[in-house]
1. Filter the stretch 87-127 down to residues that are more than 16 Å from the ligand (Cβ to nearest atom) and in a loop (DSSP other than H, G, I, E, B) and give me whichever is least open to solvent (accessible area, probe 1.4 Å).
2. Against the condition buried (at least 18 other Cβ atoms within 10 Å of the Cβ) and in contact (Cβ under 8 Å) with a residue 24 or more places away in the chain, how does Ala28 come out, does it pass?
3. Applying the selection to the stretch 48-79, what residues are in contact (Cβ under 8 Å) with a residue 12 or more places away in the chain and aromatic (Phe, Trp, Tyr)?
4. Looking at the stretch 40-86 only, could you name the residues that are in a loop (DSSP other than H, G, I, E, B) and surrounded by 14 or more Cβ atoms within 10 Å (Cβ to Cβ)?
5. For a quick check of your reading of the model, give me the residue pairs whose first member lies in the stretch 100-117 and is on the phi > 0 side of the Ramachandran plot and at pLDDT 95 or above, whose second is more than 13 Å from the ligand (Cβ to nearest atom) and not in a helix (DSSP H, G or I), with beta-carbon atoms closer than 8 Å and at least 6 apart or on different chains.
6. Residues being assigned to a loop (DSSP other than H, G, I, E, B), open to solvent by 70 Å² or more (accessible area, probe 1.4 Å) and in contact (Cβ under 8 Å) with a residue 24 or more places away in the chain: count how many of those fall in the stretch 142-180.
7. Look at Val33 and say whether it is at negative phi, more than 16 Å from the ligand (Cβ to nearest atom), of a type outside the set (Gly, Ala, Ser) and in contact (Cβ under 8 Å) with a residue 60 or more places away in the chain.
Amino acid sequence: MTRMTPLLERNEQFARTYTPAPLGPPAAQVFIVTCLDHRVDPAITLGLQLGEAVVIRNAGGRITQAVIADIAYLAYLAEQLFGGQGPADTLFEVAIVHHTQCGTGFLADPGFRQLATEATGLPEAALEASAVADPHTTVKADVERLLTSPLLSSKVSVSGHVYDITTGHLTTTLDARFPQ
Ligand SMILES: [Zn+2]
């Protein structure tokens, strides 16, 4: 018995009616970057099916160097394997989703951040960079950060959204744009 036991039983149920999705570009042509918070799972909030969207989750749903690297690689892979399958000259849209009541919001407070640095050994700058105090502000900053990255493919567009924990609604802050 582990804490996984009841979840493994759910997996048994799942596998009974499972149909594998073929290897291919994400059917919705969407790549979601969002927070690891267990209340904001995009498969649930956006009704995603298997094979529909790539999802990267980290603290805050922030655009870090590691996230940019993954997006750059996926764009390369999509073009090599499936180039020409989507609309001309587009691969996918990266939808960055930040949310209200984010646990990283505490890191915007310098006192809390310093204590967290001492307790975890993580660099204070890294903790500060993951803070989402106002999701409307941080999602705009991250859309700009990704759009201005030299690693971003010109065939990838970027949009910004905020998920409201209280209402369950996702609102678009910035419509999809391609890099200049
Ligand atoms: Zn969060």
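The values are calculated or read from the model by the stated rules, or taken from the named source; none is laboratory data. This is a predicted model, so every value here is computed, not measured. Every residue, glycine as well, gets a Cβ built from its backbone with ideal geometry; the counts of neighbours run over all protein chains shown. The protein model used for the area step is the full one, side chains on, heavy atoms only, and it has no ligands, DNA or RNA in it. Shrake-Rupley method; radii C 1.70, N 1.55, O 1.52, S 1.80 Å.
1. Leu91
2. no
3. Correct list: Tyr76 only.
4. Val40, Asp41, Leu46, Leu48, Gly51, Glu52, Arg62, Ile63, Thr64, Gly86
5. Here the result reads Gln101/Thr166, each pair linking the stretch 100-117 to a residue that is more than 13 Å from the ligand (Cβ to nearest atom) and not in a helix (DSSP H, G or I).
6. Number satisfying all stated conditions: 6.
7. no
Table: residues versus (1) among the acidic types (Asp, Glu); (2) closer than 24 Å to Val162 by Cα.
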position: Leu23; (1), (2): no, no
position: Pro26; (1), (2): no, yes
position: Gln49; (1), (2): no, yes
position: Val55; (1), (2): no, yes
position: Gly60; (1), (2): no, yes
position: Thr64; (1), (2): no, yes
position: Glu93; (1), (2): yes, yes
position: Asp109; (1), (2): yes, yes
